[in-house]
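Chemist: Let me begin by handing over the structure; questions about it come next.
The values are calculated or read from the model by the stated rules, or taken from the named source; none is laboratory data. All values derive from a computational prediction rather than experimental measurement. Neighbour counts run over all protein chains shown; Cβ positions are idealised from the backbone, glycine included.
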Amino acid sequence: MANLSPEERAQRAFRHAQEEWRRALESHRLAPPDAGFGSRLAALAAAAAAEASACRQADVAGFDWPPHRASANKPPYELQPGTGRRGPEELWGVFDAAVTELNRAATETDLVEVATAYDALAAASRSACVGGGA
């Protein structure tokens, strides 16, 4: 990896973070009710943090974020409001706001803005996990 250019390192980190993010979301989509919810939420927090890091690395390498349609970024069912999420509702309110902000940022091209939104989602996921979602 030391022989790779900054662009190649950024692309590799971004691909790895995208795969980690995809696996974390998929684990929520395929999950039975309650079994391992806290572990899945912790994995989502880690994946969001990896996405934030990869976005910052890609920004330094000169890349832009490829804009997405916000409607395509709905969280898995067990993470949506009204589905029996455990823990304090105010923590889930912060989580929901972070999802909304990530969806908004993802429609733009600013990698730092997307990274900041992923950081907020990571923090909200960790808080929900510690606050009773685990």
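Chemist: Are there any pairs, at least 6 apart or on different chains, whose C-beta atoms fall under 6 Å, with the first in region 106-134 and of a type in the set (S, T, Y) and the second modelled with pLDDT of 90 or more, and if so, which?
Modeler: Cβ pairs passing all conditions: Y118/A48; Y118/E51; Y118/A52; S125/L44; S125/A45; S127/L91.
Chemist: Take the residues in region 81-119 that are β-branched (V, I, T) and touching a helix residue (DSSP H, G or I) at 6+ places or on another chain (Cβ under 8 Å), then tell me which one is farthest from A10 (Cα to Cα).
Modeler: T83
Chemist: Is there any pair linking a residue in region 2-13 that is touching a residue at least 40 places away in the same chain (Cβ under 8 Å) and surrounded by 14 or more Cβ atoms within 10 Å (Cβ to Cβ) to one that is outside any helix (DSSP H, G or I) and small (G, A, S), with Cβ under 7 Å and at least six apart or on different chains, and which?
Modeler: A10/A61
Chemist: Report every pair of residues separated by at least 6 positions or lying on different chains whose Cβ atoms are under 9 Å apart, first residue within region 78-95 and closer than 19 Å to A35 by Cβ and in contact (Cβ under 8 Å) with a residue 24 or more places away in the chain, second assigned to a loop (DSSP other than H, G, I, E, B) and of a type in the set (F, W, Y).
Modeler: Correct list of pairs: empty, since none qualify.
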